[in-house]
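The structure under discussion appears below in the form of structure tokens.
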Amino acid sequence: MASTATQQETRTRSGIPGLVNNPWKQQDQRIQFPRLERDANFEVVVIGAGVVGLTAALALAKAGKKVGVLEGRVVAAGQAGRAPGDVTTGNPVTYQGLEKMYGADKARLVAESQAAALAHVKRVVQEERIQCSLREVDGYIIPDQAAHADFGGELGAMHKAGLADTAQVDLEGDKTAGGARVCLQMPNQVRLNPVEYLNGLAGAVMSHGGEIFESTRVRKYDNHSLTTYEGRKVAASGAVVVATGVPITSNLVDSAIHAIALHGKQVVRRRFAVGLKVPKGAVRDAIFYDTASPPHTIHLAEGGRDHDVLIVSGQDTDQGKKPSEYGDPFRLLEGYAREKWPEVQERLYQWSHPITVPVEKLGMYGPDPVHPWGNIYVGTGDCGLVLTGGTLGGLTIADAILGRADPFAELYSPRRKLKGLPFIPTLHPAYLKNTVQSIVNLVTPQLSNPDIEDMAPDSGATIQSGLRKVAVYKDPQGETHAYSAVCPHLGCLLQWNPADKEWNCPCHGSCFDKQGSNIEGPSTLDLKELSGVLPKSKHN
């Protein structure tokens, strides 16, 4: 069980919402750059200081562009600051799967693109002297007992895709490898501290002439201008890059169009992770990917002098489900690790992060499909390959803005049409299911409410109050706070996430901290605080 000192925090002592206590010390991020307090002009404006945004900003700044990065909270506050920390040529779909879906040529492009992202991370860390605990290690694809992986077929597909250094090896039950035997070995993969890496990218952007503004939330934007929450006007003469995980939108009409043209093509899922204390030498310094459904990613992070931290992530589930449906993903992840590495000691960290999974299992990096004649670019849909996909996305977007030929641009274009009927948007089935269910939950009266007096401190619940749904949070002091439970993006019903103590939207991916502050798009608004709406306690 995680100790009190390492429990999840969605609002830190610094007042920055949405940071978690993880091995990367995301919760220790502090404001490093000023808020934008003036109107400004740039050639390129990047919204979001995560891996997509900072990768693109650095490439553009090095090419001589006048770049401004607008970050609503702090650098590394989003998805990448919660990611496991692996950069890899492996793909969760498998190269056999990619070849079956898209053919050998496109599978080869996927491999080449991920290899390019991996090489870029290594190169930029060296060139910019970024201190991020980068280690080159072997990656292993290990079979899940129930999956009966066809490693012969996958090995052949990976070789055909150009990953010639992948080999089938027998680890002979090595205890430090979790007892793995026959598996696929991918040499020269990378693990690193993503928060340190993003801080390093931010420093590099500044050193190459870019500007970064934190605590600067964008309220709306179009092809050549943006408006911040404080009303500052920002001109973008060349391009706008929307690098906010799920791209933010400007108004109701913009949101509705994006829901069909972009957001509905993917589903937002939640990936859970634990950080476990292990003695030094007990676990091989490698990255392990198993073939379970959902899969696990396992690797080490730096701990203390006498121990390492074993990071195990997985137990993916659709975001925004009801609190009663969560179970205990952290216990399951810890149990998985203990079964393979009995030397595991206590749980030090537990957290989760959103991942975006397009129906086509390929990221969407490039021109915004909603603005076909505009200068707006988006990056989303990394399929859980947060650092690999984000790096690839940032580079692809930068190439498009600079007018450079990019061999991967068509493959990852958000405007592409790879599946389904011509001229009809290919919406993700899970997106449709989650959206319909959310609408049903919103309009159906909730027959039973939890009694607010019985709610535990630091917990939340969605309740029925008259004709409206209310998001109720009880703080550690026992005071209750009420907010509209309707997502300000497009009106879906929010659900309390008990694992991270935040409010999640099941439709398009918006997230809000327990006190209603917006922490993930596409919404740009906080939850509306309500008064005088809570029902009386049954105990009164």
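FYI, it's all coordinate maths here, none of it is from the lab. Everything numeric here is computed off the predicted structure, so don't read it as measured data. Reconstructed Cβ throughout: ideal geometry from the backbone, glycine too, with neighbour counts over all protein chains shown.
Can you run phi through the Karplus equation (6.51, -1.76, 1.60; θ = phi - 60°) for segment 175-191 and list ³J(HN,Hα) in whole Hz, with x for Gly and Pro?
Couplings: 5, 6, 9, x, x, 5, 10, 6, 7, 9, 10, 10, x, 6, 7, 10, 10 Hz.
With n ≥ 4 as the cut-off for DSSP H runs, can you work out [θ] at 222 nm for the chain, using -39500 (n - 2.57) per run divided by the number of residues, rounded to the nearest 500?
It comes out at -7500 deg cm²/dmol, rounded to the nearest 500.
Would you work out the relative contact order for segment 418-528, in percent, from Cα pairs under 8 angstrom that are 6 or more residues apart?
18 percent
Given the C-alpha centroids of segment 310-381 and segment 191-247, what is the distance between them in whole angstrom?
23 Å
Kindly identify segment 436-530 as rounded, prolate or oblate by the Cα gyration tensor criterion: order the square roots of the eigenvalues as a ≥ b ≥ c, call it rounded if a/c is under 1.5, otherwise compare a/b with b/c, prolate if a/b is larger, else oblate.
Oblate shape, in that a/c is at least 1.5 and b/c is the bigger or equal ratio.
Suppose R0 equals 25 Å. What FRET efficiency, 1/(1 + (r/R0)^6) with r the Cβ-Cβ distance, do Asn188 and His159 give to the nearest 0.05?
0.95
Return the FRET efficiency for the residue pair Ala104, Arg38: r is the Cβ-Cβ distance, R0 is 51 Å, and the value is rounded to the nearest 0.05.
The computed FRET efficiency comes out at 0.45.
Tell me, what is the percent relative contact order of the chain, built from C-alpha pairs under 8 Å that lie six or more residues apart?
Computed over the chain, the figure is 18 percent.
Check which residues have an amide H placed less than 5 Å from Asn41's amide H, if you skip close sequence neighbours.
Correct list: Ala235.
For a quick check: with amide H placed at 1.01 Å from N, whose amide H comes under 5 Å from Gln32's, ignoring anything fewer than 5 positions away on the same chain?
Amide H to amide H, under 5 Å and 5 or more residues apart or across chains, Gln32 pairs with Val75.
Cross-link partners among aspartates and glutamates for Lys233, C-alpha distance below 18 Å, same-chain residues fewer than 8 apart left out?
Qualifying aspartates and glutamates at Cα under 18 Å: Glu37, Asp39, Glu43, Glu71, Glu211, Glu214, Asp222.
Straight distance only, please: which aspartates and glutamates reach the Cα of Lys469 with their own Cα at less than 13 Å, same-chain residues fewer than 8 apart left out?
Glu529
R0 = 35 Å: FRET efficiency of Asn223 with Arg123, Cβ-based, nearest 0.05?
Here the calculated transfer efficiency is 0.60.
What ³J(HN,Hα) values, in whole Hz, does the Karplus curve 6.51 cos²θ - 1.76 cosθ + 1.60 give for segment 453-467 when θ = phi - 60°, with x put for Gly and Pro?
Values per residue, Gly and Pro as x: 4, 8, 5, 6, x, 6, 9, x, 7, 9, 10, 8, 10, x, 8 Hz.
Using 0.36 nm per residue, how much length does the chain from Ala456 to Val533 gain when fully extended, once their Cα-Cα distance is taken away?
Going from the current span to full extension adds 25.8 nm.
May I ask for the net charge around Leu109, where only other residues with Cβ less than 14 Å from the Cβ of Leu109 are counted and Lys, Arg are +1 while Asp, Glu are -1?
Overall, the nearby charge balance is -1.
What are the ³J(HN,Hα) values, in whole Hz, obtained from phi via the Karplus relation 6.51 cos²θ - 1.76 cosθ + 1.60 with θ = phi - 60°, for each residue of segment 74-84 in sequence order, with x given for Gly and Pro?
Each residue's phi maps through the Karplus curve to give 9, 3, 6, 7, x, 4, 5, x, 10, 5, x Hz.
Residues with amide H under 5 Å of Thr249's amide H, sequence separation 5 or more or different chain, H placed in the peptide plane at 1.01 Å from N; which?
Thr524
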